[in-house]
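The values are calculated or read from the model by the stated rules, or taken from the named source; none is laboratory data. Keep in mind it's a predicted model, so treat the numbers as computed, not measured. Heads up, the Cβs are rebuilt from the backbone with ideal geometry, glycines too, and the neighbour counts pull from every protein chain shown. Just so you know, the surface numbers come from the protein's heavy atoms only, side chains and all, with ligands and any DNA or RNA stripped out. Shrake-Rupley method; radii C 1.70, N 1.55, O 1.52, S 1.80 Å.
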Amino acid sequence: MSIQFSVCEEVRAAAPLFRELIVEATVSNPPTCDELWAEVEAEASKLRDTLAMEQVRLRPAIDATRKVYKALGKEPNRYRPSAEALTRRCVKGVELYRTLTIIDLINLMSLITGHSIGGFDADKVVGNICLGVGREGEPYEAIGRGPLNIHCLPVIRDEIGGIGTPTSDNERTKLSEHTTRLLMTINMYDGGNVEAVEALTRRLLTQYASATDITFTLY
């Protein structure tokens, strides 16, 4: 696999601590099992019991992502990073959607770490990927929400176009029950705890997605 990754200078300037952890693996992606869903619900309950709504945006990883949005010219209260949106649902007591294994384990990772994480079917990704800034009028079909205005959002692109932002991934490269090759992008705008994130990722992918050939590349 070994997809290469690069970052534009505009993002580097807006997020000097930014690190990207690229994860590739061979996986299975069945409907989420009860054991994984119990972990999701336990983390959601923990967040609901320990965080007030006004504290959600102050979680270090979420706060760092929001600051990058502002630095690039995007309003984070209107285009919330996915980790923030998920955490807010939990604090409100709104039930999360139960879908497929890798989607739900990525959501679990976001709840635990505060990082907005992209998950892609690697067979649908064309060439290498880069992180840049969304352009005015750039087409982007967000999963489950239709056209998304990605102007001034940090956006990961392959050779065809945008595939992921911290707000939403793209329909073209989304995960399905047929996914066998995973590409995951863990966007650590606060620098992150790489060892802890790697350990969590490896455990969840191995335990629930029958993952093999897992590789981690830090940029």
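For the criterion of being over 21 Å from Val40 (Cβ atoms), of a type outside the set (Gly, Ala, Ser) and within 15 Å of the chain's Cα centre (by Cα), Leu108 fails.
Can you tell me which residues in segment 1-24 are of a type in the set (Phe, Trp, Tyr) and either surrounded by fewer than 16 Cβ atoms within 10 Å (Cβ to Cβ) or over 19 Å from Asn193 (Cα atoms) (or both)? Lay out the reasoning, then the answer.
Going residue by residue through segment 1-24, those that are of a type in the set (Phe, Trp, Tyr) are 5, 18.
Within segment 1-24, Phe5 is the sole residue that qualifies.
Inspection of segment 99-113 finds no residue satisfying the criterion of being small (Gly, Ala, Ser), farther than 14 Å from Val23 by Cα and in contact with a Phe, Trp or Tyr (Cβ under 9 Å, 6 or more places away or on another chain). Only one entry in Asn149, Asn187, Asn193 is over 16 Å from Ile103 (Cβ atoms), surrounded by fewer than 24 Cβ atoms within 10 Å (Cβ to Cβ) and under 17 Å from the mean Cα position of the chain (by Cα), namely Asn193. Just one of (1) more than 20 Å from Glu198 (Cβ to Cβ); (2) buried (at least 19 other Cβ atoms within 10 Å of the Cβ) trips up Val27, so point out which. Of everything listed in (1) more than 20 Å from Glu198 (Cβ to Cβ); (2) buried (at least 19 other Cβ atoms within 10 Å of the Cβ), Val27 misses just condition (1).
Counting only helices (runs of 4 or more DSSP H) wholly contained in segment 52-131, the ones carrying 3 or more residues that are farther than 27 Å from Glu159 by Cβ and open to solvent by 60 Å² or more (accessible area, probe 1.4 Å) occupy 60-72.
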